[in-house]
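One structure below.
The values are calculated or read from the model by the stated rules, or taken from the named source; none is laboratory data. All of these numbers come straight from a predicted model, not from anything done at the bench. Reconstructed Cβ throughout: ideal geometry from the backbone, glycine too, with neighbour counts over all protein chains shown. Accessible surface areas use protein heavy atoms only, side chains included; no ligands, DNA or RNA. Shrake-Rupley method; radii C 1.70, N 1.55, O 1.52, S 1.80 Å.
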Amino acid sequence: MNKEQQLLRKKSPVQIKNKKASFEYFFIEEFTAGIVLTGTEIKSIRLGKASLVDTYCTILNGEMWVKGMNISTYFYGSYNNHSAKRDRKLLLTKREIQKLASATKQTGYTIVPTLVFIDENGRAKMDIALCKGKKQYDKRQTLKEKEDRREMDRAMKV
């Protein structure tokens, strides 16, 4: 990811993060994918009414799908509202999907959504990462590093 893309993500009015993903997994490689949405889903995302808790990605018939993503129903949606937890298709190139498919065949690797944001054209995008699961001692190390950083920040402020 280059600096220009990072700036666009920071400027995005909507940033829905999967905070638990960085604790549970090591990120090997990151990709940005478009999301196929229907009806009022984009309106709910723009309001920040989405969640990436317990989401994961799968590859079925050469297509990437995100499962378990919760986009709350739109308040003003009437009968045109969408179902909150349906599977949504992700838009990636064939080469990227083949790369991810071959990588996930190895033991311990998975694909996890890390961020949903709105790009400069008003479209919903999702950052996904090829990940390897952390062991228990790796998680303890991550907590220790986080605590040390917090201690250093407190010492600097005083």
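Select, from LYS135, LYS139, LYS146, the only residue that is modelled with pLDDT under 90, in contact with a helix residue (DSSP H, G or I) (Cβ under 8 Å, 6 or more places away or on another chain) and of a type in the set (D, E, K, R).
On the way: LYS135 fails: in contact with a helix residue (DSSP H, G or I) (Cβ under 8 Å, 6 or more places away or on another chain); LYS146 fails: in contact with a helix residue (DSSP H, G or I) (Cβ under 8 Å, 6 or more places away or on another chain).
Going through LYS135, LYS139, LYS146 in turn, the sole match is LYS139.
(1) open to solvent by 40 Å² or more (accessible area, probe 1.4 Å); (2) in a strand (DSSP E or B); (3) hydroxyl-bearing (Ser, Thr, Tyr): which one isn't true of SER22, the others all being true?
Condition (2) is where SER22 drops out.
Considering segment 45-85 alone, what residues qualify as being at negative phi and of a type in the set (S, T, N, Q)?
Within segment 45-85, SER51, THR55, THR58, ASN70, SER72, THR73, ASN80, ASN81, SER83 qualify.
Here's the yes/no breakdown for (1) touching a Ser or Thr at 6+ places or on another chain (Cβ under 8 Å); (2) of a type in the set (A, V, I, L, M, F, W, C); (3) over 20 Å from THR55 (Cα atoms):
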residue: ASP87; (1), (2), (3): no, no, no
residue: GLU96; (1), (2), (3): no, no, no
residue: ALA103; (1), (2), (3): no, yes, no
residue: LYS125; (1), (2), (3): yes, no, no
residue: ALA129; (1), (2), (3): yes, yes, no
residue: GLY133; (1), (2), (3): yes, no, no
residue: LYS146; (1), (2), (3): no, no, yes
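Report yes if ALA33 is open to solvent by less than 90 Å² (accessible area, probe 1.4 Å), at pLDDT 90 or above and not basic (Lys, Arg), otherwise no.
Here the answer is yes, as ALA33 does meet what is asked.
Would you check if LYS43 is touching a residue at least 24 places away in the same chain (Cβ under 8 Å) and out of contact with any strand residue (DSSP E or B) (no Cβ under 9 Å at 6 or more places or on another chain)?
Yes; evaluated as a whole, the condition is true for this residue.
State whether the residues of segment 2-16 include one that is at pLDDT below 90, over 18 Å from LEU130 (Cβ atoms), in a strand (DSSP E or B) and not hydrophobic (A, V, I, L, M, F, W, C).
Filtering segment 2-16 for residues at pLDDT below 90 gives 2-16.
Checking the rest, the ones that are also over 18 Å from LEU130 (Cβ atoms) come to 2-4, 6-16.
If we keep only those that are in a strand (DSSP E or B) as well, we get 15-16.
Going one step further and asking which of them are not hydrophobic (A, V, I, L, M, F, W, C), we end up with 15.
Checked segment 2-16: at least one residue is at pLDDT below 90, over 18 Å from LEU130 (Cβ atoms), in a strand (DSSP E or B) and not hydrophobic (A, V, I, L, M, F, W, C).
Does segment 31-49 hold any residues that are part of a loop (DSSP other than H, G, I, E, B) and closer than 17 Å to ASN18 by Cβ, and which are they?
If the condition is that a residue be part of a loop (DSSP other than H, G, I, E, B) and closer than 17 Å to ASN18 by Cβ, then GLY48, LYS49 are the ones that fit.
Could you tell me whether segment 100-112 includes any residue that is under 13 Å from the mean Cα position of the chain (by Cα) and among the hydrophobic types (A, V, I, L, M, F, W, C)?
So far as segment 100-112 goes, yes, one or more of its residues are under 13 Å from the mean Cα position of the chain (by Cα) and among the hydrophobic types (A, V, I, L, M, F, W, C).
From the list ILE118, ILE59, exactly one residue is touching a Ser or Thr at 6+ places or on another chain (Cβ under 6 Å) and among the aliphatic types (A, V, I, L, M). Which is it? Break it down into steps so the answer makes sense when it comes.
Details: ILE59 fails: touching a Ser or Thr at 6+ places or on another chain (Cβ under 6 Å).
Answer to the selection: ILE118.
On the basis of being at pLDDT below 90 and under 25 Å from GLN15 (Cα atoms), does THR58 make the cut?
No: the conditions fail for THR58.
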